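The values are calculated or read from the model by the stated rules, or taken from the named source; none is laboratory data. Everything quoted here is computed from the prediction, not taken from an experiment. Cβ placement follows ideal geometry from the backbone for every residue including glycine, while neighbour counts extend to all protein chains displayed. Heads up: the accessible areas ignore ligands, DNA and RNA and are worked out on the full protein's heavy atoms, side chains in. Shrake-Rupley method; radii C 1.70, N 1.55, O 1.52, S 1.80 Å.
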Amino acid sequence: MSALPADTQSGTQPAPREARPWGLACVLLALAGALFFSSYGFANWLASQRAHVPSFHFGWERGIPFVPWTIVPYWSIDLLYGISFFLWRTRAGLLTHVKRLVAAQLISVACFIAFPLRFAFARPQADGLPGELFRLLGGFDLPFNQAPSLHISLLIILWVAFAAHLPRRRHWLLHGWFALIGVSVLTTWQHHLIDVPTGALVGWLCVYLFPLRLPAVAANAPDGSTRRLARRYGLGAVATLLCALLALSASVTLALLLLWGALALACVARIYALAAPAWFQKDSDGTMAIAARWVLAPYLLSAFLNSRWWTRRDPQASVIADGIRVGRFPTRADLRACDADAVLDLSAELPRAVGGDPLGYRCVPMLDLTVPTSAQLDLAVAQLDAWHAAGRHVLVSCALGYSRSAMVVTAWLARRQGSPDAVAAVDAALAHLRTHRPAVVLGDAHADALRRWLVQARATEMDHAA
């Protein structure tokens, strides 16, 4: 992005551009390199001291060809690792990148120590340059440190870093080479298949936990309700993890899927404990960061299927006022059915499924099963007002269309009521809403929050009028 021009009327000058942190990058590269070789080597040494180190692979993996020349892309990740420290224009970006790399290192090494695995096949001899590279690799990398593949974890983090800095016209080359590196962990007979998805999950987890930025989202303050939900999701994560351990002897694939589910639930528990919908990493345009989509995928899929299940008998949006409908999280078919040309999306946990002009789309992410804050209602009602004034046909949606969306439309209706009494205005709006959409789930806590919000909103309008 180009720098913004100076504000000539006010005489202000643009903020000076931060100098590239070359020196810091050199220092951090040296420290990260020392951590890598010491911790990775230590885990290898510990495994070598054991009388027996198990291995896991599928029988058909013996059919994966050994392709000696792929040691070149395999080794290239070391060069890319070093270059990645010098991509960043800002200190903050560099530090975030280093946190991702260090986190991947620590998580992977902890796994190598807790449950060491070895590569099971005898690698064929290679000649020429590939042979020299294999011999160099063998001097450091013993056949341990398998799952999760640290090579794949670092690959994900580096892939994200380079994609953010290379021009889009070069992305085809970037994606091709990084995909080749990913395949090379198998064709060099360095890793078994199980190491690849586990390594990828660790990589995406590190990118998710250390985002370059979080969306600007109106947040809740942690309260009893969000803490209870956090505990429930936390217990769900523990129960799913136990199921994964029990499933390990029967099906490794099932165990890995359950482990992924446990990780997703643990992340959602953290989101509720912080009362921070921003950690779903869903922006105002409805797009969700790719790392969040990968890490939270089991939960996101469950949330979508849950929305379809509970609304299967009543999938249609309800007309609440002229041009205003309330409904479930929309697919293209849902939008066609209700003839909406704008969507006010209040779900934090579901990535946008529809798009394209002339559709208007705005997301004000709110946590499910919680009472929205005044700030969240302000943002949502202001957008609804603007679209209604412009004559657009608006679908106000959340996962089911029974709570968050109903809350926002009730707030919008109450503010348009002629009654100066906030209690009467909210009660009338709620009665109108329930007449048109009887399945809404709004309790006393929602009604109290709406009354407080309405009093505050009217006071703000009076201040602006004065």
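Data overview
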| read-out | value |
| --- | --- |
| With all protein chains modelled, accessible area of residue 385 [1.4 Å, Å²] | 40 |
| Percent of alpha-carbon pairs separated by more than 19 Å within region 45-118 | 63 |
| Rg to Rh quotient for the chain, alpha carbon positions, Kirkwood Rh | 1.05 |
| At least 18 Å along the helix axis (C-alpha) and Kyte average at least -0.5, DSSP helices within the chain | 22-48, 71-84, 91-114, 150-165, 171-187, 195-209, 224-247, 252-274, 297-310, 374-389, 404-416, 422-436 |
| For region 102-153 versus region 376-395, the gap between their alpha-carbon centres in whole angstrom | 55 |
| DSSP beta bridges in the chain [antiparallel fraction, %, rounded to 5] | 30 |
| Magnitude of the charge dipole, region 63-177, Cβ model with Lys/Arg +1 and Asp/Glu -1, debye to 20 | 560 |
| Surface accessible to a 1.4 Å probe, per residue, for the residues of region 16-63, Å² | 67 |
| Residue 416 - accessible surface, heavy atoms, 1.4 Å probe, Å² rounded to 10 | 130 |
| Dipole axis of the chain (+1 Lys, Arg; -1 Asp, Glu on Cβ), positive-most option in 166, 281, 40 | 40 |
| Highest-first arrangement of 266-277, 70-81, 126-137, 402-413, where packing means the average Cβ count within 10 Å | 402-413, 266-277, 70-81, 126-137 |
| Cα gyration tensor shape of region 78-168, rounded if a/c is under 1.5, else prolate or oblate by comparing a/b with b/c | oblate |
| Residue-count net charge about residue 226 - beta-carbon cut-off 15 Å; Lys, Arg +1, Asp, Glu -1 | +3 |
| Which of 82, 115, 405, positive extreme of dipole for the chain (C-beta unit charges) | 115 |
| Heavy atoms of residue 56: accessible area, 1.4 Å probe, square angstrom to 10 | 60 |
| Global form of region 402-466, assessed from the alpha-carbon gyration tensor, a/c cut-off 1.5 | prolate |
| Positive minus negative residues near residue 133 (Lys, Arg vs Asp, Glu; Cβ under 12 Å) | -3 |
| With 10 Å bins from 0: P(r) over region 278-356, alpha-carbon pairs, percent | 17, 48, 30, 5, 0 |
| Selection from 441, 139, 30, by position along the positive dipole direction of the chain (Cβ) | 139 |
| Charge tally in the Cβ shell below 15 Å around residue 391, where Lys, Arg are +1 and Asp, Glu are -1, residue 391 excluded | -2 |
| Mean ellipticity per residue at 222 nm, deg cm²/dmol - from DSSP H runs of n ≥ 4 across the chain, formula -39500 (n - 2.57) | -19000 deg cm²/dmol |
| Point-to-point label distance, residue 245-residue 221, nm (Cα→Cβ direction, 7 Å offset) | 3.9 |
| Distant-in-sequence amide H partners of residue 360 (H built 1.01 Å from N, under 5 Å) | 342, 343 |
| Reduced Cα scattering model of region 140-208, Debye log10 I(q)/I(0), q = 0.17, 0.28 Å⁻¹ | -0.62, -1.21 |
| With every protein chain in place, region 313-413: carbon and sulfur % of accessible area (1.4 Å) | 51 |
